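Asks: Once you've had a glance at the structure underneath, I'll fire off some questions.
The values are calculated or read from the model by the stated rules, or taken from the named source; none is laboratory data. Just so you know, these numbers come straight off a predicted model, no measurement behind them. Cβ placement follows ideal geometry from the backbone for every residue including glycine, while neighbour counts extend to all protein chains displayed. Heads up: the accessible areas ignore ligands, DNA and RNA and are worked out on the full protein's heavy atoms, side chains in. Shrake-Rupley method; radii C 1.70, N 1.55, O 1.52, S 1.80 Å.
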Amino acid sequence: MSGQLASVAKAMVAPGKGILAADESTGTANKRFAPLNIPQNEEMRRKYREMLFTSPHFGEHISGVILYDETIRQNDSNGKPLAQIIAEAGAMPGIKLDTGTVQLALGGPDEKITEGLDGLAKRVDEYVKLGAKFGKWRAVIAIDEGIPTHRCIHANAHALARYAAICQAGGLVPIVEPEVLMDGEHSKHSLERSFEVHEWALQHVFEELSAADVRFEEMILKPSMVIPGQKSAQHATPREVAGSTVTVLMRWVPAAVAGIAFLSGGQDDEDATTHLNEINLIAQERRAPWPLTFSYGRALQQAAINLWKGQDQNVPAAQAALAHRAKMNGLAALGRYSAEMEKERDLVPVGR
Ligand code: 13P
């Protein structure tokens, strides 16, 4: 099984490819639909996901899709499982395995712990049968006055490691996601503070992964980028963001890790692409040992959902928008993106 998991992990971060995070829980998906007046029901969520997965050239820049429990059980309009649609498009289906976050007992205000370990091995078995090749677990670390606490960093790192070990034992490649939030309101959420918290979190995550005997060759790390808090008043250039991000990763992430696929965390979609490109340029200069790519949710879907608006006649335009963002990010994963390429948008073929 080991060789197989290592090749799945490698394929997830193949050159010029990255991951589409489409694992919004029902609540989050509905929250995205509401401002666009899209009916918030299972059929519309199904239609939306079918629209995304049947975009032209889907598998060219998308190696895998993270699904939510509801989606991995849904079929397309012809009765074919959406997981099979993804596989036929040349990508791999994956599954969100955590069940969300709750307030961390005895933690600081707004500190969260991620749940979902109970019964996880059984759920992994079921998802493997439904076609999943990899899993995802997101830990959330907020920056504010006095937080994160050691208790929060430690508890989340431990849960991530337990999840990753259960995944590997059950035949899934774990995506290990310690997200340091970028949306802190705190004026002291500077680039330097973000760097410090990333160091702290990554150090603990890899200690716990190592204590749990997780095989690094068979996992993907999904980190946040080192960015000042959106309301911190500090502005960092793409070069500064990328330099800090690569430094922290090279300091704490073992070379054996199969690959790194960033979350977008609420960045504007073109910013997320620019940052990924700059990260790859610096990683090439410094000879970083792993492929660095995207595992974006909002930064891949934003333009597409805004165009779709729940209307069938908008499907080709929305699909072209997704195909375009996937292509731009695929280029950024190689360090070959430039802002001028955004104009190529109209050249992306429309339709299936
Ligand atoms: P964003 O890229 O929207 O942050 O989502 C990625 C993800 O999977 C968060 O868990």
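Asks: Could you order His57, His275 by accessible surface area, starting with the largest, using a probe radius of 1.4 Å?
Replies: Ranked from most to least accessible, the order is His57, His275.
Asks: Further question on the same structure: Hey, what number do you get for the chain at 222 nm if only DSSP H runs of n ≥ 4 count, each worth -39500 (n - 2.57), divided across all residues, to the nearest 500?
Replies: Dividing the helical sum by the residues of the chain leaves -14000 deg cm²/dmol.
Asks: Sequence gap at least 6, Cα distance under 8 Å: using those rules, report the relative contact order of segment 45-197 to the nearest whole percent.
Replies: Contact order relative to length: 20 percent.
Asks: Roll a 1.4 angstrom probe over the protein heavy atoms and tell me the percent of accessible area of the chain that is carbon or sulfur.
Replies: Percent of accessible area from carbon and sulfur atoms in the chain: 51.
Asks: Given +1 on the Cβ of Lys and Arg, -1 on the Cβ of Asp and Glu, and no further charges, what dipole in debye does segment 258-299 carry about its Cα centre, rounded to the nearest 20?
Replies: 280 debye
Asks: In Å², what does the accessible area per residue of the chain work out to with a 1.4 Å probe?
Replies: Here the residues of the chain average 40 Å² of exposed surface.
Asks: So how far apart, in nm, are the two label points at Met341 and Gln284 if each is 7 Å from Cα heading toward Cβ?
Replies: Placing both labels 7 Å along Cα→Cβ, they lie 1.1 nm apart.
Asks: Percent relative contact order of segment 1-95, based on C-alpha pairs within less than 8 angstrom and at least six residues apart?
Replies: 32 percent.
Asks: Amide H to amide H under 5 Å from Ala261: which residues, 5+ apart in sequence or cross-chain, H placed 1.01 Å off N in plane?
Replies: Leu221, Lys222, Thr293
Asks: Oh, and also: With no solvent and one point per C-alpha, what does the Debye sum give as log10 I(q)/I(0) for segment 63-176 at q = 0.16, 0.18, 0.19, 0.20 Å⁻¹?
Replies: Debye curve over Cα of segment 63-176, log10 I(q)/I(0) at q = 0.16, 0.18, 0.19, 0.20 Å⁻¹: -0.74, -0.86, -0.92, -0.97.
Asks: Separate question: Lys112's amide H: which non-local residues (gap 5+, or another chain) put their own amide H closer than 5 Å, with H modeled 1.01 Å from N in plane and none for Pro or chain starts?
Replies: So Lys112 has HN proximity to Leu104, Ala142.
Asks: Related question: Pull out the extension gain between Arg239 and Ala34, defined as 0.36 nm times the separation in residues minus the alpha carbon to alpha carbon distance; nm, one decimal.
Replies: 70.2 nm
Asks: Would you list the membrane-span-like helices of the chain, meaning whole DSSP H runs whose alpha-carbon atoms span at least 18 Å along their axis and whose mean Kyte-Doolittle value is at least 0.0?
Replies: Span-like helices, by this rule, are 150-170, 238-252, 315-332.
Asks: Could you order Trp308, Trp252 so the one with the most accessible surface comes first? Probe is 1.4 Å.
Replies: Correct descending sequence by accessible area is Trp252, Trp308.
Asks: With a cut-off of 8 Å between alpha carbons and a minimum separation of six or more residues, what is the relative contact order of segment 149-238 in percent?
Replies: After rounding, I find 43 percent.
Asks: Hey, another quick one. Please list the non-local residues whose amide H lies under 5 Å from the amide H of Val226, H modeled 1.01 Å from N, same-chain partners needing a gap of 5 or more.
Replies: Thr245
Asks: So which of Lys31/Lys122; Lys31/Lys231; Lys17/Lys80; Lys96/Lys327; Lys112/Lys343 end up more than 32 Å apart, counting from Cα to Cα?
Replies: Lys112/Lys343
Asks: Here's a follow-up. Could you check what % of the DSSP bridge pairs in the chain are antiparallel, to the nearest 5?
Replies: Just about 15 percent of them are antiparallel.
Asks: Between segment 62-78 and segment 90-107, what is the separation of their alpha carbon centroids in Å?
Replies: Each part reduced to its Cα centre gives a spacing of 16 Å.
Asks: Run through all the Cα pairs of the chain and give the fraction in each 10 Å bin from 0, expressed as whole percent.
Replies: 6, 26, 36, 26, 6, 0
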